[in-house]
Amino acid sequence: MKRYIVFLKQVPLSTKVEMDPVTKTLKRSSALSQVNPDDLYALQAALDLRRSTGAEVIAVSMGPLSAEVVLREAIQRGADRAILLSSPAFAGSDTWCTSLVLASAVRKIGEYDILFFGRMAIDGDTAQVGPEVAGHLNIPQVTQLVNVESCTDKYIRLFRCIGNAKQHMEVDFPCAIMVSRENGELNHPTLSGWRRAQKQEILH
């Protein structure tokens with residue numbers, strides 16, 4: 001069975017977020033939150049590809065218990081199941097620590113074809129986590145996806161952006177793909193999806 005794993009992050013709704021003077025980390029409790037915008041486009045890319053492949057789409061988020069709302073939105077939009085990685089030990093993680101946790105989660109989940117990441121988080125702007133996870137797992141990575149051309153059981157054909165040019169690529173599975181809002185349009189959430197999201201269990 002084909003499987004796509006999509007990683008989503010809970011980020012502040014506003015860029016005006018206080019810093020904790022002791023831990024030197026963002027005081028996320030002081031701001032309303034949202035799903036990182038690029039991550040929603042990564043989810044949409046996975047859902048679009050699922051139409052032709054029938055793959056299972058798993059949404060994964062690392063964060064506090066409040067990040068469940070991010071995963072419920074992913075289910076509402078079409079993800080098949082969701083997993084929250086939450087521990088006090090993860091607090092204040094930098095990109096390297098975050099990528100280690102996410103790579104460990106991928107190994108725990110088991111077989112997969114594609115890892116989908118938003119290209120960049122608006123609360124960090126590093127664009128490092130996706131590539132680092134791919135590095136830990138020793139799999140090929142594609143940055144700045146433009147669009148998917150076709151997909152077989154063994155590889156995916158796609159275009160990615162390089163400056164003002166496009167590069168045509170054929171990438172073997174498993175692989176990691178970084179997606180941003182330039183990739184396309186988001187489908188609107190549905191009422192039936194919302195109902196399913198309220199009922200479905202979030203795995204921890």
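The values are calculated or read from the model by the stated rules, or taken from the named source; none is laboratory data. Since the structure is predicted, the reported quantities are computational estimates derived from the model, not experimental observations. Cβ atoms come from the backbone with ideal geometry, glycine included; neighbour counts cover every protein chain shown. Just so you know, the surface numbers come from the protein's heavy atoms only, side chains and all, with ligands and any DNA or RNA stripped out. Shrake-Rupley method; radii C 1.70, N 1.55, O 1.52, S 1.80 Å.
Mind listing just one residue for me: the one in the range 154-173 that is free of Cβ contacts under 8 Å to residues at least 24 places away in the same chain and not in a strand (DSSP E or B) and, of those, most open to solvent (accessible area, probe 1.4 Å)?
Going residue by residue through the range 154-173, those that are free of Cβ contacts under 8 Å to residues at least 24 places away in the same chain are 154-155, 157-168, 170.
Applying the additional criterion that residues be not in a strand (DSSP E or B) yields 154, 163-164.
Numbers: Lys154: 153, Gly163: 61, Asn164: 171 Å².
Among those that are free of Cβ contacts under 8 Å to residues at least 24 places away in the same chain and not in a strand (DSSP E or B), it is Asn164.
What are the residues in the range 1-36 that are modelled with pLDDT of 90 or more and either more than 23 Å from Gly92 (Cβ to Cβ) or in a strand (DSSP E or B) (or both), if any? Walk me through how you get there before you give the answer.
Just the residues of the range 1-36 that are modelled with pLDDT of 90 or more, to begin with: 2-10, 35-36.
Correct list: Lys2, Arg3, Tyr4, Ile5, Val6, Phe7, Gln10, Val35.
If you take the residues of the range 174-186 that are modelled with pLDDT of 90 or more and open to solvent by 40 Å² or more (accessible area, probe 1.4 Å), which of them is nearest to Val35 (Cα to Cα)?
Only one residue tops the list, namely Leu186.
Quick one: count up the residues across the range 89-120 that are open to solvent by 60 Å² or more (accessible area, probe 1.4 Å), closer than 18 Å to Ile177 by Cα and touching a Ser or Thr at 6+ places or on another chain (Cβ under 9 Å).
2
The rows are residues; the columns are (1) closer than 23 Å to Leu186 by Cβ; (2) surrounded by 16 or more Cβ atoms within 10 Å (Cβ to Cβ); (3) not charged (D, E, K, R).
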| position | (1), (2), (3) |
| --- | --- |
| Ala42 | yes, yes, yes |
| Leu47 | yes, yes, yes |
| Ser52 | yes, no, yes |
| Ser61 | yes, yes, yes |
| Ser87 | no, no, yes |
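Filter the range 131-141 down to residues that are more than 14 Å from the chain's Cα centre (by Cα) and among the aliphatic types (A, V, I, L, M), then give me how many there are.
2
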